[in-house]
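Readers should treat all values here as calculations from the given coordinates under stated rules, not as data from a laboratory. The structure presented is a predicted model; accordingly, all values stated were derived computationally and were not measured. All Cβ positions, even for glycine, are placed from backbone atoms using ideal geometry, and neighbour counts span all protein chains on display.
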There are 2 protein chains.
Amino acid sequence: ADYDKRQYDSPLLTVDAVLFTYHEACLKVLLVQRSNHPELGKWGLPGGFVDLIRDITLEDTVLRKLQEKTGIEPPYLEQLQTIGNAQRDKRGWSVTIAYTALMAFQACYAHVATVADAQWLALDTVAEMDLAFDHQAIISLARERLRQKALYSIVPAYALEETFTLPELQALHEALIGKGLQKKSFRRRIEQAELLIDTGEKRSEGGRPAALYKMKKSAGNYTFVRNLED
Amino acid sequence: ADYDKRQYDSPLLTVDAVLFTYHEACLKVLLVQRSNHPELGKWGLPGGFVDLIRDITLEDTVLRKLQEKTGIEPPYLEQLQTIGNAQRDKRGWSVTIAYTALMAFQACYAHVATVADAQWLALDTVAEMDLAFDHQAIISLARERLRQKALYSIVPAYALEETFTLPELQALHEALIGKGLQKKSFRRRIEQAELLIDTGEKRSEGGRPAALYKMKKSAGNYTFVRNLED
């Protein structure tokens with residue numbers, strides 16, 4: 001009885017997700033327009049409070065919040081960082097557990113279109129916006145972490161359709177890393193790591209048809225010893 | 001006014017630190033015996049609640065808690081992971097933001113000796129104990145993260161005295177990695193990276209005297225491209 005938690009005045013606690021996709025040769029992030037104080041009307045990250053009854057883990061909270069906005073669960077979700085301090089929320093001491101998530105644009109397009117307050121925005125556009133709280137800084141953190149992933153893994157492929165071409169995957173990696181990669185070398189590294197399944201189908205991208213691949217189940221866990229621009 | 005945080009029933013929120021040191025050729029972690037319910041009398045990680053008045057950031061909370069037990073601030077502190085779920089604490093939904101910290105044994109020995117409920121324990125001993133909450137799992141997470149650091153950086157050196165010999169540093173890396181390293185190769189890699197300052201002093205370790213080094217200011221931020229056992 002002497003350990004009733006009400007005796008401790010506790011920080012506000014939320015989760016937030018930086019959900020990326022890659023669409024029309026452009027990195028995009030899902031933002032939500034706030035309908036509550038504080039920061040009413042500003043755009044920010046999808047997220048919110050733990051539901052102590054419905055959620056069993058923090059990941060349940062994030063997945064529930066993302067499902068509300070996208071209709072599906074992201075195939076990739078990873079804890080990014082927890083930020084907590086007295087200044088980030090004018091209501092007082094506030095802690096947010098931030099996650100990075102990836103999802104194919106087409107997989108959730110129809111649902112996102114029905115959610116009035118949610119929108120995919122190009123990262124370049126987002127960088128110019130006055131976002132709620134410290135969400136701009138959280139997006140920068142997630143962007144940098146994703147750049148590291150693009151150097152050492154094919155995790156970014158979770159932002160593509162289920163089947164994709166190697167030129168598509170390379171373009172995404174180049175967008176994330178911020179510089180061009182050698183086509184031959186990229187193809188060889190990916191092939192040697194045996195991360196993809198050739199579906200046998202092809203898709204034309206301007207020129208000649210390119211083979212369509214999908215990721216093997218555990219492909220996201222693979223880490224290249226040398227980075228992909230090496 | 002419609003956004004008073006009291007309206008949301010909120011999880012219990014704590015920080016916990018896995019504080020490592022290296023002493024007498026042994027990795028040790030600082031544990032604290034709980035003097036409160038729940039898990040009264042069990043040993044667990046130093047940590048506790050945010051003080052909404054005194055703490056400005058989560059790191060302030062961790063540093064304050066570690067200072068209470070050790071008398072000093074650790075030279076190395078890094079966020080490890082946040083664990084939150086409905087089961088880890090019998091009081092209900094609970095979130096802990098876990099940190100890894102490193103500190104020299106001698107730097108805090110005198111203070112720790114005055115704190116009745118705090119003790120350095122060998123990792124092997126800790127593995128056999130029935131610790132409070134999920135602290136055993138959190139220590140395993142921190143241990144694995146530190147193993148990775150030992151492969152790619154000299155961050156573990158923060159668990160040594162301010163001045164140390166290369167054989168000492170190598171022994172610590174070997175303890176963390178769990179296998180022997182080539183002496184010549186280890187020495188060459190460390191020297192090439194220019195991370196240490198030769199103090200000009202020497203210390204005898206059984207045989208001939210070995211040069212005493214200390215870390216350069218930013219040495220903890222350096223990442224080896226190839227890992228140290230390569």
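Backbone phi angles across segment B:213-224, fed through the Karplus curve with coefficients 6.51, -1.76 and 1.60 (θ = phi - 60°), yield HN-Hα couplings of 10, 10, 6, 5, 3, 9, 4, x, 8, 6, 10, 6 Hz in residue order; Gly and Pro are listed as x. Considering only A:Gln106, A:Gln33, A:Gln87, the Gaussian network model of chain A with Cα springs below 10 Å gives its largest mean-square fluctuation to A:Gln87. Considering only DSSP beta bridges whose two residues both sit in chain B, what percent are antiparallel, to the nearest 5? Roughly 75 percent of the DSSP beta bridges within chain B come out antiparallel. As a proxy for reagent exposure, ranking B:Met129, B:Met215 by other Cβ atoms within 10 Å from fewest up yields B:Met129, B:Met215. For segment A:154-221, averaging the sequence separation of C-alpha pairs within contact (under 8 Å, six or more residues apart) and dividing by the residue count gives a relative contact order of 40 percent. Computed over chain B, the per-residue total of -39500 (n - 2.57) for DSSP H runs of n ≥ 4 gives a 222 nm mean residue ellipticity of -9000 deg cm²/dmol, rounded to 500. Take each residue in B:85-91, count the other chain C-beta atoms within 10 Å of its C-beta, and the mean is 3.
With R₀ set to 35 Å, the beta-carbon distance separating A:Ile72 from A:Asp130 gives a calculated FRET efficiency near 0.75. Residues whose amide H comes within less than 5 Å of that of A:Thr165, counting only those at least five positions distant or on another chain, are A:Tyr213 (H built at 1.01 Å from N in the peptide plane).
How many percent of DSSP beta bridges within segment B:5-134 run antiparallel, rounded to 5? Within segment B:5-134, antiparallel bridges account for around 70 percent of the total. Under 25 Å of direct C-alpha separation, and excluding same-chain neighbours fewer than eight residues apart, A:Lys216 reaches these lysines: A:Lys28, A:Lys149, A:Lys183, A:Lys184, A:Lys202.
Counting only DSSP beta bridges with both residues in the protein assembly as shown, the antiparallel share comes to about 75 percent. In this structure, the amide hydrogen of B:Val95, modeled 1.01 Å from its nitrogen in the peptide plane, lies closer than 5 angstrom to those of B:Leu12, B:Leu13, B:Thr14, counting only residues at least 5 positions away or on a different chain. Computed from Cα atoms, the angle from the helix B:58-70 axis to the main principal axis of chain B rounds to 70 degrees. By the count of other C-beta atoms within 10 Å, a proxy for reagent exposure, B:Ser35, A:Ser94 are ordered fewest to most as B:Ser35, A:Ser94.
With contacts taken as Cα pairs under 8 Å and at least 6 residues apart, chain B reaches a relative contact order of 20 percent.
Shape call for segment A:22-154 from the C-alpha gyration tensor, a ≥ b ≥ c root eigenvalues: rounded (a/c under 1.5), prolate (a/b greater than b/c) or oblate?
On the way: a/c = 1.26, a/b = 1.21, b/c = 1.04.
Here segment A:22-154 falls in the rounded category.
Compared with the dominant principal axis of the Cα atoms in chain B, helix B:166-177 is inclined by about 50°.
Counted by Cβ distance under 11 Å from B:Ala107, the other residues give a net charge of -3, where Lys and Arg count +1 and Asp and Glu count -1. Using the Karplus relation 6.51 cos²θ - 1.76 cosθ + 1.60 with θ = phi - 60°, the per-residue 3J(HN,Hα) values for segment A:81-98 come to 5, 9, 10, x, 6, 7, 10, 6, 9, 5, 6, x, 3, 9, 10, 10, 9, 9 Hz, with x marking Gly and Pro.
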